[in-house]
Amino acid sequence: MTAALPRQAAPPDEPRRPAENPGHKARRRALTLLIIGLLIGIPAGYLVISANQSRNSGKDKEAKYAATGLTPGLPSKLQRRLYQVTVPHPADSPASYETNNWKTSRLYVQFRTNDAGLDAFLESMGTRREKLRKGDIAISARDQKVSGWRFTGTSPWWGLTHAQKNPAPTQDVVVNMSDPKNPMVYLVSRTVP
């Protein structure tokens, strides 16, 4: 049998605590519950938001890389830098598409611009408007098929090929000058990795 230990008496100088009233007890419990809820709820909410953003990002990338033709919008800044494509301002109705394989990577870009925009675009490539040749369809039949472009009819087509030494891209340009103030530009920039 174990011996009972003597009970320690309360210190004589410390006053005794009054019993907690029910209202105070309820407030204390509610505050404790609120703090616990916040400590659990805020991180859980952050995880849910983060997971949704991550999932949406994956869907955007999946749609981009599943594309089988031109998609509306400018190419990414990285693509523009790699393929040395400068889309002028203003550029209307831009669309782009990229293909890659072990041999050649291509970026297809189209946009409508104005006279000054065409000059700025050609200058950014390192060429001039005078280098465009009437009736020259510089974009190959293969690239036309991939992009869905057709350069037929009576439209005044002007074109040029801006060849550069590897690894710099070679650029094929066709310009529809049926509206000389707002030419439509078609570009295939190809590089060998």
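The values are calculated or read from the model by the stated rules, or taken from the named source; none is laboratory data. The structure displayed is predicted, hence computed values, not measured ones. Every residue, glycine as well, gets a Cβ built from its backbone with ideal geometry; the counts of neighbours run over all protein chains shown. Note: areas computed on protein heavy atoms with side chains; ligands, DNA, RNA excluded. Shrake-Rupley method; radii C 1.70, N 1.55, O 1.52, S 1.80 Å.
Brief remarks follow.
- Extension gain for Asp92-Gln8 works out to 21.4 nm (0.36 nm per residue, less the C-alpha to C-alpha distance).
- Qualifying trypsin sites (Lys or Arg not before Pro) in the stretch 132-164, where qualification requires a DSSP coil assignment and no more than 12 other C-beta atoms within 10 Å, comprise Arg150.
- In nm, spacing of pseudo-spin labels at Arg29 and Ile42 (7 Å Cα→C-beta vector): 2.6 nm
- Approximate spin-label separation Thr154-Asn52, in nm, with each point projected 7 Å along Cα-to-Cβ: 5.6 nm
- Between 0 and 90°, nearest 10: helix 22-66 axis offset from the chain longest Cα axis: 20 degrees
- Per residue, the solvent-accessible area of the chain (1.4 Å probe, heavy atoms of protein chains only, all protein chains present) comes to 71 Å².
- Carbon/sulfur fraction of accessible area - the stretch 40-193, other protein chains in place, 1.4 Å, %: 54 percent
- Taking the longest Cα principal axis of the chain as reference, the axis of helix 115-125 is set at about 80 degrees.
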